[in-house]
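Working notes for the structure below.
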Amino acid sequence: MYTVSKAVTFKKEHLISFFLIFVLLFSFIPTSLADSNINADLISSLPDAVKEKQLIENPYSKGSALHSSFANGWYSGYIGTQILSMFLGFGELKAVTSSAKFTELTGSVLTKMDDLKMLLRTTKGLRITERVGAFLVDDAASLGLTAPADTLGKIKTAVKQARVMNHLTNIGNSKITSLSGYHNELVDILLRTGDDGAKFVNKMDDATLMKMFSLRVSGVPDRRLLEFRAGLVQMWNIGISEGDVGKYIDDISKVTDIPGARKFIDKTASTNDIGNFKSLAFEADRAAYYRQITSDMVIEPIKQIDLKVGNKYIELKASFGSLTENKIMEYLGSGQKKFGDNIGLIGSNPTKLEISAREGLGSLDANMIKNKINSYMSDEFVLKGKTNYISEIEVFLPNGNSIRGIRGTSGLFEWV
């Protein structure tokens, strides 16, 4: 093992000096790369700029034993750090300020070093990163990753390969084997979402993950589907439960043959707001419900009116938190406006406004909701003579029941 015999004082800078990492690395990995044959081979392939940097930092007289010892230690540290950064990432290496912290971070890496040393010794024709990449692909096979040369090997850099391998190791052989057939999709989501994606995969049940990975919608490219999956990881990461994510995936899988289903893919890929996601989830739930009844439907057919089922145009609203009188009026006004703005396209077809109050009624009850709705209709349309474009209304209650009204000849809703 190479050592540095002269004390070195480091100036505090934004980034920790690589040299400190080098010293730590070869104080705690005595069997890793401290092999003169391996080192000589690798050093010879380093860029000239790296060799010049070593000469600048070497405090000893060129040609002396101390100069040679320092150079060997410096190069060993440089090469080792490059390899180690593939497993840990530069952000973690940056945080190394003590040998204790270094030991904590590198525990899982140490077990791979002897195998890696052997690989480096026997693959002298390849660059360092190519050698490590080959090692990782071989290691991936031991985790149950099918065709690792295609799945992991398609990643362009050994650094990214190593980070994905670290996530796969954390996920474990059992789940990887269960997801056989979807390893390309698994590697893609880990590459895109990192630690969050690995945690998501560990939390979700295998059946839901397979449904998510197999989900295809006509006209949606694979790249957009990857963005959709990344969007689901983000929603889970900011508070949407595994159960709600799973139901959303299940609902979308039931309507992939319906025109307009791409809406759910595109909007999930671009949202970072829980409220927006819950609105999408409500729409997916209702679309899946109607799909059980008929295939004669379109998702979001005109200017964001959410559904057309048969000849009926449906606008969906969901209350997050308890339903209030103000929210009822807001939803009635918004639904009325959307139908009115598109009446030329709707024509004489019936319309329906659906309101979800699944999260609670607050101080309201079913009768109070009915009275509030008809009070609004009386004020706006009966007394003021405005046109009511809402043919039907249904409010879904927290207990699973609903209240449904059909517009009567008086202009008010008759409850059925």
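Computed extension gain for Gln304 through Arg224, at 0.36 nm per residue and net of the alpha carbon distance, reaches 26.7 nm.
As a rough footprinting exposure proxy, the listed residues Tyr75, Tyr289, Tyr313 were ranked by other beta carbons within 10 Å of their own, and the order from fewest upward is Tyr289, Tyr75, Tyr313. A Förster radius of 41 Å, combined with the Cβ-Cβ distance separating Ala366 from Asn276, puts the computed FRET efficiency at roughly 0.90. For the stretch 246-334, the Cβ-based charge dipole about the Cα centre amounts to some 80 debye (Lys, Arg positive; Asp, Glu negative; other atoms uncharged). Phi angles across the stretch 356-369 convert, under the Karplus curve 6.51 cos²θ - 1.76 cosθ + 1.60 with θ = phi - 60°, into 3J(HN,Hα) values of 9, 10, 4, 8, x, 9, x, 8, 8, 10, 4, 5, 5, 5 Hz, Gly and Pro given as x.
A Förster radius of 56 Å, combined with the Cβ-Cβ distance separating Ser322 from Lys160, puts the computed FRET efficiency at roughly 0.75.
If you only keep lysine pairs separated by 8 or more in sequence, or across chains, how many in the stretch 209-293 come under 15 Å at the Cα atoms? Total qualifying Lys-Lys pairs in the stretch 209-293 comes to 6. Note on Asp244 and Asp48: their simple-model spin labels are 6.0 nm apart, each label 7 Å out from Cα toward Cβ. Note on the stretch 311-416: Lys pairs 8 or more places apart or on different chains, Cα atoms under 13 Å apart, count 8. Panel order for Trp74, Trp236, Trp415, by other beta carbons found within 10 Å of each beta carbon, from fewest to most: Trp415, Trp236, Trp74.
Computed from the C-beta positions of Ala207 and Ser348 and an R0 of 60 Å, the FRET efficiency is 0.85 to the nearest 0.05.
Considering the stretch 311-416 at the alpha-carbon level, its Rg and Dmax are found to be 13.1, 39 Å.
Karplus-derived 3J(HN,Hα) values for the stretch 218-224, using 6.51 cos²θ - 1.76 cosθ + 1.60 with θ = phi - 60°, are 3, x, 9, x, 4, 4, 5 Hz; glycine and proline are entered as x.
Computed from the coordinates by the stated procedures, all read-outs in this text should not be read as laboratory data. Here the structure is a predicted model, which is why all the values come from computation and not from measurement. For neighbour counting, all protein chains shown are included, and Cβ atoms are generated from backbone atoms with ideal geometry for every residue, glycine included.
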